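What follows is a short report on a single structure.
The values are calculated or read from the model by the stated rules, or taken from the named source; none is laboratory data. The structure presented is a predicted model; accordingly, all values stated were derived computationally and were not measured. Every residue, glycine among them, receives a Cβ derived from its backbone with ideal geometry; neighbour counts consider all protein chains shown. Accessible surface is based on the protein model in full, side chains and every heavy atom, while ligands, DNA and RNA are left aside. Shrake-Rupley method; radii C 1.70, N 1.55, O 1.52, S 1.80 Å.
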Number of protein chains: 2
Amino acid sequence: MANPTAAILVIGDEILSGRTKDKNIGWIAEKLTELGISLKQARVISDETQEIIDHVRSLSARYDYVFTSGGIGPTHDDITTVSVAAAFDVPVIQHPEAFKLLVDHYEGTDIEFVGARQKMADIPDGAALIDNPVSAAPGYIIKNVHVMAGVPSIMQAMFEGLAPSLTGGTQPTRITVQCAIGEGTIADIMEAVSAEFAPVTVGSYPWFKPGQFGTAVVLTGLEKDDVQRASDALAERVRALGYGAEIQ
Amino acid sequence: MANPTAAILVIGDEILSGRTKDKNIGWIAEKLTELGISLKQARVISDETQEIIDHVRSLSARYDYVFTSGGIGPTHDDITTVSVAAAFDVPVIQHPEAFKLLVDHYEGTDIEFVGARQKMADIPDGAALIDNPVSAAPGYIIKNVHVMAGVPSIMQAMFEGLAPSLTGGTQPTRITVQCAIGEGTIADIMEAVSAEFAPVTVGSYPWFKPGQFGTAVVLTGLEKDDVQRASDALAERVRALGYGAEIQ
């Protein structure tokens, strides 16, 4: 059976301006692979209500899981929640549990929990909270969309908390065959192995060091035995051409 | 006048699996901002022909410039060129100039320019070449789509070469006001300044250090005087609340 699919939606002008470098796509991608969930697409979009609505709707309809990051803080440019609610035609409500979490969080600090900060307790009606052990303001889940903070440390803590609730699939088997030759020379072999052993996928990653070069060929699939057989076949054919090939 | 718009399309299963971390979106984003081109969206998609066709078409129709990275090497999983050609309903041809560049590149090396390697001279009919000073295999431009390599060093060299041909706009003015207070406390001020001085945009980036916290408020716009006035107004109002605010 095919693994569940996912998309990531990073919301933030600061990424599109280049001012901040995104670290969330790569981090979530690794986690999803470990869980046996197949990340099919990632998007970075701007802080604009209609943009968020359109992308949440289309990704939610197409993939099993959607993970968003960014735009759920207390300020005017944090418009993710109203946009996600609009995408699903539900109102935004002040969530009693989220409100209490925030009251408790600010109690005994110098910061008053008033005004704009209370916006962090606003959640689309019907959404379930995602715990935020770092700074209390929760994320939430509505339908198949998981709305998380943009700050990497907070996003990561939120994701680790919700991960056990995700239905994963088979973790793919990945075998690397290190070949002591450029990818052009073994392209025909890779193409043949890819065709013969489908659905095992064959990716090639050439590398260069002073005085040395080679190609890391990465074979991936859900059936471990198939990936092993494909890797053996590839290594054997590369060696038959007269070049080193080491299964790692 | 509004600045020209752009989208980035990163093509590669290795990014979606988390095996390789994307560095191209952030790098291109910074360059576009310097050029006065407004990056509106970035996507990472898988190595699948129909995916590439669909995304190239939709992004090309919507934005002034599209920049792709990945999938133009010699191997079977490098399917960007056939897909981009299909997106624009043109055939793939062996480009004589690209072919000659590659012949010259491999001359005098141990590597024979035969078989799969010749695929790197295949270009959609009508496309203009993008110079590759690193490894010869060129990128190309078809309509408003700029097709580049995925390896960051090669992509960067290609982009630097083509940048002078892009029609840039006004480089935005960006002023940071460092405020010695959390973003929740000044959220109302930021919202008011954002409304009063539109289209100047106001972004807030809270930060925390042991024993210290604050908010970097970033004001951005194409009209320098407006951004300056908005920054002055914001700093003044934060100070009136009793907190430090330094224009940087």
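A few points about this structure:
- Pseudo-label separations to other copies for residue A:240 - Cα-to-Cβ vector, 7 Å, nm: 8.1
- Share of pairwise Cα separations in the protein assembly as shown, more than 30 Å, in percent: 52 percent
- Per-residue shielding of A:112-119, expressed as the average number of other chain Cβ atoms within 10 Å of the residue Cβ, stands at 3.
- Size of electric dipole in the stretch A:5-165: Cβ of Lys, Arg +1 and of Asp, Glu -1, about Cα centre, debye, nearest 20: 500 debye
- Summed over both chains, the accessible area lost when B and A associate is about 3800 Å², using a 1.4 Å probe.
- Here the contact order of chain A, divided by its residue count and restricted to Cα pairs under 8 Å and six or more residues apart, works out to 17 percent.
- Note on the stretch A:5-165: with neighbouring protein chains present and a 1.4 Å probe, carbon and sulfur make up 52 percent of its accessible heavy-atom surface.
- Given +1 at the Cβ of Lys and Arg, -1 at the Cβ of Asp and Glu and no other charges, the dipole of the protein assembly as shown around its Cα centre is 260 debye to the nearest 20.
- Surface exposure of the stretch A:173-247, expressed per residue as accessible area with a 1.4 Å probe, stands at 51 Å².
- Alpha-carbon centroids, the stretch A:86-114 and the stretch A:118-183: separation in whole Å: 21 Å
- Note on B:64-77: average number of Cβ atoms from other chains within 10 Å of each residue's Cβ is 4.
- Summed side-chain charge close to residue B:155 - residues other than residue B:155 whose Cβ falls under 14 Å, Lys, Arg +1, Asp, Glu -1: -2
- In a DSSP loop and with at most 15 other Cβ atoms within 10 Å, the GluC sites (Glu not before Pro) in the stretch A:23-75 are A:48.
- Residue A:30-residue B:246 pseudo-label distance in nm [points 7 Å out on the Cα-to-Cβ vector]: 3.5 nm
- Label 7 Å beyond Cα on the Cβ vector: residue A:208 copy-to-copy distances, nm: 4.5
- Taking Lys and Arg as +1 and Asp and Glu as -1, the other residues whose beta-carbon sits under 11 Å from that of residue B:179 total 0.
- With helices as the sole contributors, chain B gives -10500 deg cm²/dmol at 222 nm; each DSSP H run of n ≥ 4 counts as -39500 (n - 2.57), and the sum is divided by every residue.
- Ellipsoid equivalent to the stretch B:173-247 - semi-axes via the Cα gyration tensor, in Å: 20, 12, 10
- Burial here means at least 20 square angstrom less accessible surface with every protein chain in place than with the chain by itself, probed at 1.4 Å; in the stretch B:23-45 the buried residues are B:25, B:26, B:29, B:30, B:33, B:39, B:40, B:41, B:42, B:43, B:44.
- Amide H to amide H distances under 5 Å link residue B:130 with B:139, B:140, B:141, where only residues 5 or more positions off or on other chains count and H is placed in the peptide plane.
- In Å², nearest 10: area of residue B:16 left accessible to a 1.4 Å probe: 10 Å²
- Residues whose placed amide H lies under 5 Å from that of residue B:8, excluding near-sequence neighbours: B:41, B:42, B:43, B:67
- Taking a point 7 Å from the Cα of residue B:160 along the Cα-to-Cβ direction, the residues of the stretch B:121-144 with backbone N closer than 14 Å to it are B:131-135.
- Shielding score for A:214-227, defined as the mean number of other chain Cβ atoms within 10 Å: 1
- Max-minus-min Cα coordinates of the stretch A:1-84 on each principal axis give 44, 26, 19 Å, with the largest extent listed first.
- Nearest-to-axis residue of chain A, judged by beta-carbon position, where the axis maps A onto B, in Å: A:43, 2
- Near residue B:150, the amide H atoms lying under 5 Å from its own belong to B:70, B:71, B:72; only residues 5 or more places off or on other chains count, and H is placed 1.01 Å from N.
- Residue among A:38, A:194, A:165 with the largest mean-square fluctuation in a Gaussian network model of chain A, springs linking Cα atoms under 10 Å: A:165
- Volume per residue that the Cα convex hull of the stretch B:5-165 spans, once the total is divided by residue count, Å³: 108 Å³
- Between this copy and the others, label points of residue B:109 are 5.6 nm apart in ascending order, each placed 7 angstrom from Cα in the Cβ direction.
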